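Q: The structure's right below; bear with me while I get my questions together.
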């Protein structure tokens, strides 16, 4: 009985610290009957076969995994905001590309996936250029970042009135890789 009480107290303390530290984690869930976060709504729009209940359960898993993910990434020199970005990017990748529509997301799977990612920073002069990563349009403009699985990527940056530029970049687990592009007219 004493061991169970210690475990319960430890879980309550960790949950309290996690919520106090980060406002409840990246998904910031407040309960099972709440509306979906903007991130969950975006996933629902891109993959409508994923149910609202599944997405709500995902948000609970995110909040459970958050303290470990945050601590591990901060030990690698990332900020809490960067850890939040990585967590949400990892969730999106898993839900859109790897998990079946109603397959549960476990905190352990999310933690394992997110802590394997690296951050690719893509800057350009001038800013606001279009980005392609390995031939796929990226949904943001330059002077941004992407959390990617380790590996080599071909980055192409283009902007109307300027010559397109390509570079290769290698993303490593738990590291930040910066790429700079100067576009010429």
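No value in this document is a laboratory result; all are computed from the given coordinates. This is a predicted model, so every value here is computed, not measured. Backbone-built Cβ (ideal geometry, glycine too); neighbour counts: all protein chains shown.
Q: What spacing in nm lies between the two simple spin-label points modelled at residue 121 and residue 164, each 7 Å away from Cα in the Cβ direction?
A: Inter-label distance under the simple model: 2.6 nm.
Q: At q = 0.15, 0.16, 0.24, 0.27 Å⁻¹, what log₁₀ I(q)/I(0) does a Debye calculation on the Cα points of the stretch 118-182 give, no solvent, two decimals?
A: Taking Cα atoms of the stretch 118-182 as identical point scatterers yields -0.39, -0.44, -0.98, -1.22.
Q: Rounded to the nearest 5, what % of DSSP beta bridges with both residues in the stretch 118-182 are antiparallel?
A: Counting only bridges with both partners in the stretch 118-182, antiparallel ones make up about 70 percent.
Q: Separate question: Order of 115, 170 from fewest to most other C-beta atoms within 10 Å?
A: Listing 115, 170 from fewest to most nearby Cβ atoms yields 170, 115.
Q: Listing 106, 160 from the residue with the fewest other Cβ atoms within 10 Å to the one with the most, what is the order?
A: Ranking 106, 160 by Cβ neighbours within 10 Å, fewest first, gives 160, 106.
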